[in-house]
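To keep things clear, I will list the structure first and then write my remarks on it.
The values are calculated or read from the model by the stated rules, or taken from the named source; none is laboratory data. If you're wondering where the values come from, they're calculated on a predicted model, not measured in any experiment. Here the Cβ positions follow ideal geometry from the backbone for every residue, glycine too, while neighbour counts run over all protein chains shown. Areas reflect the complete protein model, heavy atoms only, side chains present, ligands, DNA and RNA absent. Shrake-Rupley method; radii C 1.70, N 1.55, O 1.52, S 1.80 Å.
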Amino acid sequence: PEIITVQELANRMAERGADVIKQLMRLGVMATINQSIDADTAELVVQEFGHRFKRVSDSDVEIGLEGEVDHDDHLEPRAPVVTVMGHVDHGKTSLLDALRSTDVAAGEAGGITQHIGAYQVKLSTGQKITFLDTPGHEAFTAMRARGAKATDIVVLVVAADDGIMPQTIEAIRHARAANVPMVVAINKIDKPDANPNKVRQALLQHEVIVEELGGEVQAIEVSAKSRVGLDKLEEAILLQAEILELRANPDRDAAGVVIEAKLDRGRGPVATVLVQKGTLKIGDIFVAGGEWGKVRALIDDHGKQRPSAGPSEPVEVLGLTGAPAAGDEFQVVESEVRAREVTAFRQRRTKEQRGVTVARASLEQMFSKI
Ligand code: GTP
Ligand code: MG
């Protein structure tokens, strides 16, 4: 019996639908994106992609490198992951800096210690919020493309003096495409020419209806410069998060997404990852896109070494064999052999895809010369 559509299968593997269709063709199965396939065929495809397949029941399958099923009673509340987006110079970075100063732990650690592209703020109430910093936008786009939902909430920053600008609209589109709720931060209200009401009105034209105008989107007036409204913004984020009932299982092998990665001269490849489920520990073997590694050290956003990192926590990971790409998913696997297998498969596939592109390009060149 057919149990899963090609689209759903692609989604669960975080692969492109077209690639799944191609794999199916190689197996001699012609299927369209909306067509359903049986469990045996699905299993073959899943293995081809280097993932693991598990039959949960006659009608459902679990797909993942580890294939662990998270039962409801294993799920625990987790902090919301928030990406700040908006037009250039509207104050995203300033706002993030200001919000970070409300972190009770930041004071303990002696102020802002390190920039790792993502950080978690702990409020005086004990509640936590994870913020994705620059290049949050870039990472967010990559994640969106892969259909992964790393961001729970988008904070749309709009400067009260400048109003809605092209990148504001772009950000609204991104949030919508990813099906992520928005909280609007109307920034720079300290400026004499600030006009927050005009911003609220203008948002209407883009179908963002704020609460004051009868809609459901919270819009908070803030000033990153004079530190006004920061607590209100945090409250709004937490309120939105409550509605989402964000939960994850901390007691499983970790999985998440790469926020940024670089080659550090002294430390080798370093990736900032956001743990989405499970707990990442020192010594864990993991794959991230086409790279793998064994966790040598975990460093938090205060520059402190940590033995582990749980759901919604961003950490720097040392011990990779190469630098993965922003937006790549990472997953802990059971052995180095498995890690090598998966990355070899993925690297081969990337090469094949490149080969196809090159072949196509040279064909086009040939024709253009005729
Ligand atoms: P990009 O990363 O380039 O897109 O910009 P951004 O959105 O991160 O803006 P950034 O935080 O760099 O701020 C841009 C300018 O606006 C800086 O000169 C800030 O000092 C100023 N600014 C940011 N927030 C406020 C505010 O609340 N009030 C006033 N008056 N100025 C602000
Ligand atoms: Mg910035």
**Complete:** With every protein chain kept in place and a 1.4 Å probe, the stretch 294-348 has an accessible area per residue in Å² of 41
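Let me know the whole percent of all Cα-Cα pairs from the stretch 271-333 that are separated by more than 13 Å.
Value for the stretch 271-333: 56 percent of Cα pairs lie more than 13 Å apart.
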**Message:** With a 1.4 Å probe and all protein chains left in place, how much of the accessible area of the stretch 215-347 comes from carbon and sulfur atoms, in whole percent?
**Reply:** 48
**Asked** Put a dot 7 Å past each Cα toward the Cβ at residue 40 and residue 204; how far apart are the dots in nm?
**Response** 6.1
**Complete:** Ordered by number, the GluC sites (Glu not before Pro) in the stretch 213-251 that occupy a DSSP loop and have at most 16 other Cβ atoms within 10 Å are 216, 245
**Item:** Hydrodynamic radius (Kirkwood) for the stretch 163-265, which is based on Cα pairs only, to one decimal in Å
**Value:** 16.1
**Asked** So, in nm, how far is label residue 336 from label residue 305 when the simple model puts each one 7 Å beyond its Cα toward the Cβ?
**Response** 2.1
**Message:** Along the Cα→Cβ direction, 7 angstrom out, place labels at residue 22 and residue 325. What is the inter-label distance in nm?
**Reply:** 1.3
**Prompt:** the stretch 270-338: which GluC sites (Glu not before Pro) are DSSP loop and have at most 15 other beta-carbon atoms within 10 angstrom?
**Reply:** 334
**Asked** By how many nm would the segment from residue 264 to residue 173 grow when fully extended, if each residue of separation counts as 0.36 nm and the alpha-carbon distance is taken off?
**Response** 29.3 nm
**Fill in**
Stretched fully, the stretch from residue 247 through residue 74 gains (0.36 nm per residue minus C-alpha distance, one decimal, in nm) 61.3 nm
